[in-house]
Amino acid sequence: MSDENGFMKALKCRECGREYPLEAKHVCEFDFGPLEVAYDYDRIRSVLTRDQIAARPHSMWRYRELLPVAQEPTAGCEVGFTPLIKADRLAKRLGIRELWVKNDTVNYPTLSFKDRVVSVALSRSRELGFKTVACASTGNLANSVAANAASAGLDAYVFIPADLEQGKVVNSLVYRPQVIGIHGHYDEVNRLCAEIAGKYGWAFVNVNMRPYYAEGSKSMGFEIVEQLEWQVPQHTVIPMASGSLLTKIHKSYQELSKLGLVDASGWRIHGAQATGCSPISSAQKSGLDFFKPVKPDTIAKSLAIGTPADGFYALRVMKDSQGSAEDVSDDEIREGIRLLAECEGIFAETAGGVTVGVVKKLIASGKIPAEDSAVLCVTGHGLKTLDAVQGHVGKIREIKPSLREFESVIAEDGKIAH
Ligand SMILES: *Cc1c(COP(=O)(O)O)cnc(C)c1O
Ligand SMILES: [Zn+2]
């Protein structure tokens, strides 16, 4: 048995099926199709059991056989296994029988789901001998690459749109990577990074390392299933930027099913976007197989990708699973953030507001039936996008340090001291 590549077999083109060695490479030379990691499922089936997974440490690496590293991970070893919360109060407000929140606002170490993809990308970059890592980011990826590279002792370059939220900028700078702010949208950042990646010998986590990076998102789906005691949820609602997370959660359910670790069929995958950047949800709602690129204009900057790399595949997953897509306005995003906070005590960033706003619409329209059960993927922490809600969450009531003043406030509320 050769363990040189762990349980990986090759990189494989999603379009023509041609295979490539397991290097830092992301497109097929013949048709420019995206490359994906292929695994030896027969071997995985013969070694992986539910009991074995259950006995391992609480991190995303408990599903290591299904993640694209050859050896034990060397970056982000503590990432994942975030809480799955039964959201009864939110369920009642939205009018659905059962609702769960997969809470990646508390992912380690940088409070978003991006720690999952980065731990895989950096571990694999190391295996391939890279010393410098880089990324093109809408914010959270920059934070995660900066932090995880610092703790792994790798040099990092992060590229972001120059007009990002201050919280996201500071949360990158503090780890001391090189931060390059580009005057332009994410799509322009990404195009520049593709050029740089070709010229410098760096591991760009979401460019030349993308086949490995993207697989890290599957861990969110594996965890949801294990935390539901090995059930695949009827409905999963997922925010979409490039559309990668959505396709990979679907893949995680398919893999568990293929390996006989769950007995499931008929799950539905739903996608969420902001109306101000909704190329995928607009296409889905019009019944199209292809999206039209857009110019983003939304407070949900972490989802502001106008030309989503996996948009085509995300549309296919929603179609195949009979799911739907929806999008919400900036005001509905803020309302979603407040609703999740006041019902469940979870403060999500704008992407979380998008997901809550969208599930509300899907329940109201009957696309998620009221008698069903759904899981919401909440992917980033609200402390990083304070700008988006500042001025929209009420005001503090100021008084002098006197009991009399306090009691006049209390009297306004109709409360009586005992
Ligand atoms: C990156 C990101 C997503 C989704 O990303 P995909 O490109 O669709 O995989 C969702 N939520 C947050 C907070 C993100 O940072
Ligand atoms: Zn190909």
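Since every read-out is calculated from the coordinates, none of them should be taken as a lab result. Since the model is a prediction, treat every value here as computed from it, not as a measurement. Note that each Cβ is placed from the backbone with ideal geometry, even for glycine, and that neighbours are counted across all protein chains shown.
Overall form of the chain: prolate. Here a/c, set by the Cα gyration tensor axes a ≥ b ≥ c, is 1.5 or more, and a/b is the larger of a/b and b/c. Among the listed pairs Lys301/Lys360; Lys218/Lys319; Lys251/Lys384; Lys92/Lys361, a Cα-Cα separation exceeding 23 Å is found for Lys251/Lys384. Take the Kirkwood radius over Cα pairs of the stretch 285-391, plug it into Stokes-Einstein at 37 °C and 0.692 mPa s, and you get 221 µm²/s for translational diffusion.
How large is the Rg to Rh ratio of the stretch 1-125 when both quantities use alpha carbon positions and Rh follows Kirkwood? Over the Cα atoms of the stretch 1-125, Rg/Rh equals 1.06.
Here the spin labels are modelled as points 7 Å beyond Cα on the Cα-Cβ line, and at Ser402 and Asp387 they lie 4.1 nm apart. For the listed peptides 122-135, 152-165, a ranking on the average number of other beta carbons within 10 Å per residue, highest first, reads 122-135, 152-165. For the stretch 370-418, trypsin sites (Lys or Arg not before Pro) meeting the loop criterion (DSSP other than H, G, I, E, B) and having at most 13 other Cβ atoms within 10 Å: Lys395, Arg397, Lys415.
Note on the stretch 358-413: semi-axes of the ellipsoid equivalent to its C-alpha gyration tensor, largest first and rounded to whole Å, are 40, 18, 10. Setting aside same-chain residues fewer than 8 positions from Lys168, which aspartates and glutamates have a Cα under 15 Å from its Cα? Qualifying aspartates and glutamates at Cα under 15 Å: Asp115, Glu349, Asp387. When peptides 241-254, 80-93, 107-120 are sorted by average Cβ neighbour count within 10 Å, with the highest value leading, the order is 107-120, 241-254, 80-93.
Defining a contact as two alpha carbons under 8 Å apart and six or more residues distant in sequence, what relative contact order in percent does the chain show? Don't jump to the answer; show the numbers that get you there.
Values: 895 pairs, mean separation 66.1, N = 418.
Result for the chain is 16 percent.
Modelled spin labels at Tyr108 and Ala70, positioned 7 Å past Cα toward Cβ, are 2.8 nm from each other. Counting only DSSP beta bridges with both residues in the chain, what percent are antiparallel, rounded to the nearest 5? Here the share of antiparallel DSSP bridges comes out near 30 percent.
Measuring r between the beta carbons of Glu15 and Ile196 and using R0 = 35 Å, the FRET efficiency lands at 0.85.
Once you order the gyration tensor axes a ≥ b ≥ c over the Cα atoms, which shape class does the stretch 100-173 get: rounded for a/c under 1.5, otherwise prolate or oblate by comparing a/b with b/c? Oblate, because a/c is 1.5 or more while a/b does not exceed b/c.
Put a dot 7 Å past each Cα toward the Cβ at Val174 and Phe32; how far apart are the dots in nm? Using points 7 Å along Cα→Cβ, the separation is 4.1 nm.
In degrees, nearest 10, range 0 to 90: what is the angle between the Cα axis of helix 350-364 and the longest Cα principal axis of the chain? It works out to around 80 degrees. With a/c under 1.5 counting as rounded, go ahead and sort the stretch 200-311 into rounded, prolate or oblate using the C-alpha gyration tensor (a ≥ b ≥ c being the square roots of the eigenvalues; past the cut-off, prolate if a/b is larger than b/c, else oblate). Oblate, since a/c reaches 1.5 and b/c is not below a/b.
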